[in-house]
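Below is one structure, written out as structure tokens, with a few remarks after it.
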Protein chains: 2
Amino acid sequence: MSNELKVTGFRFAATAAGLKKSGKPDMALIVSAVPAVAAGVFTTNKVVAAPVLLSQPRIAAGRCQAILVNAGNANACTGAPGLADARQCGDLAAIALGIAPELVAVSSTGVIGHRLDVSKFVTAVPRLVAALDDDQIEAVAAAIMTTDAFPKMVAAYGCAGGRDYTLLAVAKGAGMIHPNMATMLAFVVTDADLSPEFADQVLRRAVDRSFNRITVDRDTSTNDMVLLLANGQAQTPCIVGDSEAGEEFGRLLDEILLDLAKMIVRDGEGATKLVRILVRGALSDADARLAAMSVATSSLVKTALFGEDANWGRIIAAVGYSGAEVNPDLVDIFAGDVMLVQSGLGTGPELEAVATDVMRQPEFTLTVDLHLGSGTSDYYTSDLTYDYIKINADYRS
Amino acid sequence: MSNELKVTGFRFAATAAGLKKSGKPDMALIVSAVPAVAAGVFTTNKVVAAPVLLSQPRIAAGRCQAILVNAGNANACTGAPGLADARQCGDLAAIALGIAPELVAVSSTGVIGHRLDVSKFVTAVPRLVAALDDDQIEAVAAAIMTTDAFPKMVAAYGCAGGRDYTLLAVAKGAGMIHPNMATMLAFVVTDADLSPEFADQVLRRAVDRSFNRITVDRDTSTNDMVLLLANGQAQTPCIVGDSEAGEEFGRLLDEILLDLAKMIVRDGEGATKLVRILVRGALSDADARLAAMSVATSSLVKTALFGEDANWGRIIAAVGYSGAEVNPDLVDIFAGDVMLVQSGLGTGPELEAVATDVMRQPEFTLTVDLHLGSGTSDYYTSDLTYDYIKINADYRS
């Protein structure tokens, strides 16, 4: 285990608690040596899972010391008993760690509508606490996987006031493409010292620039949660907004969350391609985002990506119904650097053949230039494949 | 050919003009003996195909005598030359029929971005005119098919002022489910006499109750078009709104367009099921519609339908992110008559097993009761299958 994957004052543990039918690791614990400054972004779905109901006010209070997370059961649509279950699981961790229950956040992902088997937590939580170590974050990344094909983890390093600090982040999520209700969880821990206001602001911005570029707002799951814990153990000065140190931290956080977001798309259920949809020349950034999202979420575009078919008609039509201002006669479309459409017209079979070669690559960019203004936005998407159907038709069986 | 499939004063023809690679019939003509009262509903996509650009103002003028329609090429994203092509094709029909060009509507469906081969119209249009006959509407229904598995046609009969009249309608469209830009065309002809205002109003209402219950507004193709032609040759009195005859006509039109809409869903690309999503108890009809549309278009719900999996968590989550007001603790969900969720909680494995039996049927209703008010709406959807991917990944190859 490399030394890089540690962050001062944080310890990690994972175990197989028996919640996943496969018997794979399915429960994890992240613990800070001291109560950390905490910020969170939670699902906007009106159907909110119990762990979100429990953790959101705790994080809003600004401090958190431990995150207890499980896969295999979302504890969603379980009513008041489900909320009591979530509370009880959090209490088990608080007791085993000797900290206040309010300092524990709980998080769950998995099947909806089934009660959590709390007895499995009774057995597993003390085992987790006993196993806590500073080099175990990779085990956490693996334990929170559901349909993920690979664990998602990333690190970044900064310096503030002459003190080096570290960011470590893990995420899960693979229902991407048009993610619908596939739960996205991400946990970021850092030994930098952040002001609570800055932590909240910088996390929201980074989520908007990363996970919200692969996710349509309306398509949030009942359990989505992104948490940032900053324990200050690197002895940095307190980092605030509108400062050089704040800018550096923000840039690092943007980077690692975008890296995780791209990993999630790359691991899209059944996906074989990671495609960036870049829209420029829109009347506004908001218009560019509408257009990029529309192309990125079109089932017809996504099946064409799978078919490696430079079917630009589907792209331009998705722009047309996006709600963004568009003049079809001005639209240019590129696959990589290859111009596929110029001023709304196809550039012909030769260039289309070259574009098809671009689309045979596992990663590439489709650019739409609306030539109306300077608005720009991008979205990451993947292709829609047979395996997406297979995974989602068979998920519970 | 049955006598029922005629309507006084209308003649029909279809031919293979060579626009479809398969060599199947791909061009059709519908002609009224006299200029008919005309109404139309067109795509709301900002990228509008040439035939829509040409036909929309002609229909808006209130009169139409002929509809020239082709499959195999959408004549979309073809710029000014494409519009000239559409005009020239319409002119060919006008000349061959000896009528004013403004009385001809043109309509196209097929691949986007390729110029129409007008020379094929030069040859085929006179052949169509020569072949016109009153019993050929089934040939029209077949010629306008693209990925459709079967032709879509329906008839209805009414009486006004002691005079019997007939409605005949054909439609194409199979990219349904979440139809994106799969073009939907429908043509309704009647020998009833309608006031132009009534024709417009009754068509918009019927489209809203049928095709717009299977189609998300934003997901319109570049070529969508529904036309109603009423030539009055049944010698009925002129039917207007707010009248008994108007109500009967409206009911018949609602019925036949809903029948066609359901055929389109049943023929969804790769679809094996026709599922009605009924939402009741919403705060308003608009909220009910939001919720029904969200469930009906969720890729995860649709793959679960394919998997015959009573995965109600996906249904309730889609309601949760729909934007409709919802209190999760009040939600009931039924598959057919089987209660799957009561007050936000699953009713258990026994009922879920019975619900799964319901979902094994080719057609059934999923009902969501929000218990907040009296708002009701429904949507028709199909399942998302391997064949959807196959059809759309390979469409142009």
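The values are calculated or read from the model by the stated rules, or taken from the named source; none is laboratory data. This one's a predicted model, so the numbers in the text were calculated from it and none came from an experiment. All Cβ positions, glycine included, derive from the backbone under ideal geometry; neighbour counts span all protein chains shown. Just the protein is used for accessible areas: all its heavy atoms, side chains included, with ligands, DNA and RNA removed. Shrake-Rupley method; radii C 1.70, N 1.55, O 1.52, S 1.80 Å.
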Compute the signed sum of charges (Lys and Arg +1, Asp and Glu -1) over the other residues within less than 13 Å, Cβ to Cβ, of B:Thr347. -4
For the range B:1-138, what class follows from the C-alpha gyration tensor (a ≥ b ≥ c being the square roots of its eigenvalues): rounded when a/c is under 1.5, otherwise prolate if a/b is larger than b/c, else oblate? oblate
Over chain A, what is the relative contact order in percent, taking alpha-carbon pairs closer than 8 angstrom and at least six residues apart? 17
Quick note, the range B:82-222: a/c under 1.5 would make it rounded; otherwise a/b > b/c is prolate and the rest oblate (a ≥ b ≥ c, C-alpha gyration tensor); here it is oblate
Gaussian network model of chain A, springs between alpha carbon atoms under 10 Å - residue of A:Ala105, A:Ala143, A:Ala60 with greatest fluctuation: A:Ala60
Measure nothing but the geometry: give the 0 to 90° angle between the long axis through the Cα atoms of B:79-97 and the longest principal axis through the Cα atoms of chain B, rounded to 10°. 60
State, to one decimal in nm, how far the label point of A:Asn327 lies from the label point of A:Gln342, with both points 7 Å from Cα in the Cβ direction. 1.9
Go through A:Lys152/A:Lys302; A:Lys152/B:Lys273; A:Lys152/A:Lys390; B:Lys20/B:Lys390 and tell me which ones have a Cα-Cα distance over 28 Å in this structure. A:Lys152/B:Lys273
Förster-model FRET efficiency, 51 Å R0, B:Asp164 and B:Ala130, C-beta, rounded to 0.05: 0.95
Residue and distance (whole Å) for the chain A Cβ nearest the axis that superposes A on B: A:Tyr386, 3
Cβ-Cβ cut-off under 14 Å around A:Pro25, Lys and Arg +1, Asp and Glu -1: the net charge is +3
With chain B treated as a Gaussian network of Cα nodes joined by springs under 10 Å, which of B:Pro349, B:Pro51, B:Pro151 yields the largest mean-square fluctuation? B:Pro349
At a probe radius of 1.4 Å, figure out the B/A buried accessible area, summed over both chains, and give it in Å² to the nearest 100. 4700
Partners for B:Lys6 among aspartates and glutamates (Cα-Cα distance below 18 Å; same-chain residues under 8 apart left out): B:Asp133, B:Asp134, B:Asp135, B:Glu138, B:Asp164, B:Asp191, B:Asp193
Eigenvalues of the Cα gyration tensor times 5, then square-rooted: what semi-axes does that give for the range A:291-397, in whole angstrom, largest first? 26, 17, 11
Count the net charge of all other residues whose Cβ sits under 10 Å from the Cβ of A:Arg11, scoring Lys and Arg as +1 and Asp and Glu as -1. -2
Using a 7 Å Cα-to-Cβ projection, A:Ala131 label spacings across copies, nm, ascending: 7.2
Output row for B:Asp285: copy-to-copy label distances, label 7 Å along Cα→C-beta, ascending, in nanometres, one decimal, is 4.1
Report the dimensions of the range B:216-269 along its three principal axes from the alpha-carbon atoms, largest first, rounded to Å. 42, 22, 21
The protein assembly as shown shape via C-alpha gyration tensor axes, a/c threshold 1.5: prolate
If the label for B:Ala149 sits 7 angstrom from Cα along the Cα-to-Cβ line, what are its distances to the same label in every other copy, in nm to one decimal, shortest first? 3.0
